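Working notes, structure below.
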Amino acid sequence: MSAVVRKALSSHMPTLRKLTERACNDPHRMRARKTEAEILVKMPSRAWLSCTAVSRLIGAPDDRKIRARLDRLMRDGKIERKREQGSHGPVYLFRRLA
């Protein structure tokens with residue numbers, strides 16, 4: 001009978017937040033969303049730009065983080081990406097959707 005009582009008590013306890021959920025005020029995520037907004041504001045709508053060109057456009061020192069932001073914006077459907085052959089190999093170009 002004690003197992004039934006324990007189960008009944010545990011069902012009324014509030015559920016804990018999942019491990020995959022993050023705080024909405026996480027500074028890294030806030031900085032990432034700010035960078036994404038800056039990319040969308042400063043990026044021209046009809047020109048194809050490389051990741052390096054976008055990072056220079058917004059004045060970011062590290063274009064590896066910008067590539068992650070561009071990939072997220074592309075998954076969200078806010079920009080589009082195409083692949084071309086550059087002088088040093090394949091290059092991804094990004095353009096804001098109108």
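Are any residues in the range 34-56 within 23 Å of GLN85 (Cβ to Cβ) and either of a type in the set (A, V, I, L, M, F, W, C) or free of Cβ contacts under 8 Å to residues at least 12 places away in the same chain (or both), and if so, which ones? MET43, ALA47, TRP48, LEU49, CYS51, THR52, ALA53, VAL54, SER55, ARG56 - these are the residues of the range 34-56 that are within 23 Å of GLN85 (Cβ to Cβ) and either of a type in the set (A, V, I, L, M, F, W, C) or free of Cβ contacts under 8 Å to residues at least 12 places away in the same chain (or both).
A quick yes/no check of all residues on (1) at pLDDT 95 or above; (2) exposed (fewer than 12 other Cβ atoms within 10 Å of the Cβ); (3) of a type in the set (S, T, N, Q):
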site	(1), (2), (3)
LEU16	no, yes, no
CYS24	no, yes, no
SER55	no, no, yes
ASP62	no, yes, no
PHE94	yes, no, no
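Quick check on the range 25-32. Is at least one of its residues within 19 Å of ALA98 (Cα to Cα) and under 15 Å from the mean Cα position of the chain (by Cα)? No. Within the range 40-63, the set of residues being in contact with a Ser or Thr (Cβ under 9 Å, 6 or more places away or on another chain) and assigned to a helix (DSSP H, G or I) comprises ILE58, ASP63.
The values are calculated or read from the model by the stated rules, or taken from the named source; none is laboratory data. Quick caveat, the model's predicted, so the values are computed rather than measured. All Cβ positions, glycine included, derive from the backbone under ideal geometry; neighbour counts span all protein chains shown.
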